[in-house]
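Here the structure comes first, spelled out in structure tokens, and everything after it is commentary.
The values are calculated or read from the model by the stated rules, or taken from the named source; none is laboratory data. It should be emphasised that the depicted structure is a prediction, and the values quoted were computed from it without experimental measurement. Here the Cβ is made from the backbone with ideal geometry for all residues, glycine too, and neighbour counts use every protein chain on show. With ligands, DNA and RNA removed, areas are computed over all heavy atoms of the protein, side chains included. Shrake-Rupley method; radii C 1.70, N 1.55, O 1.52, S 1.80 Å.
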Amino acid sequence: MDKTKYKIERRYINVRHNTRPGLRLKTGSPAFFVAHDTGNPGASADNHYTYFNNLTDRSASAQVFIDDTKILEIIPAGTGPDPAEKAWHVLYNVKTDNERFGYDANDAALGIELCYGGKINFGEAYKRFVWYLAYCCDKWGKNPSTHIASHKQLDPARKADCEQALLAGKKTLKDLIMDVAAEMAAPIIAPDFDPLPANIAQSLIDNYVSPAWHASHKAGDAVGKTHFHNLANNLRVAAGIALETGKAAQPLTRLPKSNAQEIIFRWLSPAWFQAKAAGDRTAMNHYHNLANYLRRAAGIPEE
């Protein structure tokens with residue numbers, strides 16, 4: 001990709017516990033990226049620098065603001081000489097980020113905000129937004145299909161960004177992911193399924209498929225061993241995980257519907273009913289979310 005296509009401006013707000021705590025990301029470099037929009041139509045990147053540099057009455061921030069004229073990092077993001085720092089852009093009591101990526105977004109991700117509306121030229125702002133996400137994915141070896149999430153995906157009960165700004169420009173989140181991949185000259189995935197998050201795939205393998213393989217091995221069931229081996233590999237391919245350590249990952253492929261349905265009916269559905277009987281709503285939501293990750297990866301409508 002063209003790494004000099006746009007300039008990245010770095011003008012940092014003052015260190016203050018509620019906006020820029022001055023703490024390094026727990027992961028060192030960013031582990032994933034959260035695509036936001038400002039929810040403040042017409043306000044520029046400079047406007048948001050001023051706002052967050054003076055904010056004292058609540059905790060909120062993001063590392064990057066992008067409008068139609070500039071890409072402005074107001075908290076170090078790790079793209080320059082300064083190591084990436086934390087920002088307060090996703091609530092800690094929302095656990096979708098933990099389930100999908102294994103970390104709280106504030107501790108491990110960049111919050112990247114798209115400025116839109118008013119006199120802001122959407123097309124120019126969008127091009128810079130796409131390029132910056134591609135730049136970050138390229139710099140840290142991340143797949144846009146699996147390492148970019150919208151704020152709405154992480155907190156759907158409260159948030160509509162960045163989809164609300166994309167809609168204003170007649171774009172969708174899938175358009176954004178595909179455009180980022182194209183900017184990187186990365187493979188563009190088929191638009192009829194969502195890749196399985198890598199940590200979700202690995203969790204399903206570790207907690208369910210691998211124990212089933214070992215049980216088949218202990219019972220001398222060669223057919224069962226082959227089945228569970230193939231099931232694990234199908235999960236890996238649907239998540240962009242390499243089949244062998246040190247090898248390149250296979251091209252992303254939709255999870256077979258039969259695999260998704262088997263995991264749901266064999267393991268997740270019984271676990272959900274057990275949690276329901278115990279009155280454990282947190283566990284019920286966990287198994288429900290796992291099932292929907294599988295449905296999306298297989299192109300099955302969510303429930």
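Okay, residues lined up against (1) under 19 Å from His89 (Cβ atoms); (2) open to solvent by less than 10 Å² (accessible area, probe 1.4 Å):
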{"residue": "Ala108", "(1), (2)": "yes, yes"}
{"residue": "Gly117", "(1), (2)": "no, no"}
{"residue": "Phe122", "(1), (2)": "no, no"}
{"residue": "Lys127", "(1), (2)": "no, no"}
{"residue": "Trp131", "(1), (2)": "no, yes"}
{"residue": "Asp138", "(1), (2)": "no, no"}
{"residue": "Asn143", "(1), (2)": "no, no"}
{"residue": "Ile148", "(1), (2)": "yes, yes"}
{"residue": "Lys152", "(1), (2)": "yes, no"}
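Checked against the criterion of being on the phi < 0 side of the Ramachandran plot, modelled with pLDDT of 95 or more and open to solvent by 80 Å² or more (accessible area, probe 1.4 Å), the candidates Gln250, Gln261 yield just one match: Gln261.
Taking the criterion of being basic (Lys, Arg) and either open to solvent by 70 Å² or more (accessible area, probe 1.4 Å) or on the phi > 0 side of the Ramachandran plot (or both), the residues of the range 199-247 that qualify are Lys218, Lys247. With the requirement that a residue be open to solvent by 10 Å² or more (accessible area, probe 1.4 Å) and farther than 16 Å from Tyr135 by Cα, what does the range 70-82 give you? The one that is open to solvent by 10 Å² or more (accessible area, probe 1.4 Å) and farther than 16 Å from Tyr135 by Cα: Asp82.
For the range 240-286, the set of residues classified as under 23 Å from Ser216 (Cβ atoms), in a helix (DSSP H, G or I) and aliphatic (A, V, I, L, M) consists of Ala260, Ile263, Ile264, Leu268, Ala271, listed by residue number. Of the residues in the range 290-300, none is closer than 28 Å to Gly141 by Cα, buried (at least 16 other Cβ atoms within 10 Å of the Cβ) and β-branched (Val, Ile, Thr). One residue alone among Leu176, Leu114, Leu110, Leu133 is touching a residue at least 40 places away in the same chain (Cβ under 8 Å), touching a Cys at 6+ places or on another chain (Cβ under 9 Å) and within 22 Å of Pro251 (Cβ to Cβ), and that residue is Leu176. If you check Glu85 against the conditions, is it under 22 Å from the mean Cα position of the chain (by Cα), open to solvent by 10 Å² or more (accessible area, probe 1.4 Å) and closer than 22 Å to Lys7 by Cα? Considered against the rule, which asks whether it is under 22 Å from the mean Cα position of the chain (by Cα), open to solvent by 10 Å² or more (accessible area, probe 1.4 Å) and closer than 22 Å to Lys7 by Cα, Glu85 comes out as yes.
Scanning the range 115-129 for residues that are among the hydroxyl-bearing types (Ser, Thr, Tyr) and outside any helix (DSSP H, G or I) yields a total of 1.
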